[in-house]
Amino acid sequence: QVQLVESGGGLVQPGGSLRLSCAASGVIFSLARMGWYRQAPGKQRELVARISSDGGSTNYADSVKGRFTISRDNAKNMVYLQMNSLKPEDTAVYYCCLYWGAADYWGQGTQVTVSS
């Protein structure tokens with residue numbers, strides 16, 4: 001079955017950087033679009049960034065444009081989220097998502113906390 005495992009979260013000061021990783025298995029990864037979402041306490045889950053199956057197309061939430069970069073390595077079945085210039089409002093649990101036909105698959109999430 002499809003499995004997604006996120007890593008790389010943690011505590012970082014405002015202005016700092018983190019790189020999230022998501023390892024996928026159980027699927028032909030190179031055919032799947034991928035996304036990163038986040039959910040802050042008391043808020044709905046929101047899209048952060050998406051990337052096409054070949055990595056040639058990306059899109060971002062307005063709140064992270066210019067600060068976050070989504071990328072993927074199809075040879076390693078990995079998708080990444082490079083987060084720079086982090087702000088306290090970026091604090092959330094970040095989830096990796098794999099889009100596969102009518103189904104979406106989710107990882108367990110990784111906590112990102114931006115605080116001084």
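The values are calculated or read from the model by the stated rules, or taken from the named source; none is laboratory data. All values reported here derive from a predicted model rather than from experimental measurement. Cβ atoms come from the backbone with ideal geometry, glycine included; neighbour counts cover every protein chain shown. For accessibility, only protein heavy atoms count, side chains too; no ligands or nucleic acids. Shrake-Rupley method; radii C 1.70, N 1.55, O 1.52, S 1.80 Å.
So the values come out like this:
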quantity: Region 27-41, residues that are in a strand (DSSP E or B), within 16 Å of TYR99 (Cβ to Cβ) and either among the charged types (D, E, K, R) or open to solvent by 20 Å² or more (accessible area, probe 1.4 Å) (or both); calculated: ARG33, TYR37
quantity: Residue match in region 42-61 (condition: closer than 18 Å to GLY16 by Cα and open to solvent by 80 Å² or more (accessible area, probe 1.4 Å)); calculated: no
quantity: Lone qualifier among ARG67, ARG50 - being out of contact with any Lys or Arg (no Cβ under 6 Å at 6 or more places or on another chain) and under 21 Å from GLN3 (Cα atoms); calculated: ARG50
quantity: Residues within region 75-104 that are buried (at least 17 other Cβ atoms within 10 Å of the Cβ) and either more than 15 Å from the chain's Cα centre (by Cα) or at pLDDT below 95 (or both), tallied; calculated: 0
quantity: All positions within region 42-60 that are among the charged types (D, E, K, R), part of a loop (DSSP other than H, G, I, E, B) and within 20 Å of GLY109 (Cβ to Cβ); calculated: LYS43, ARG45
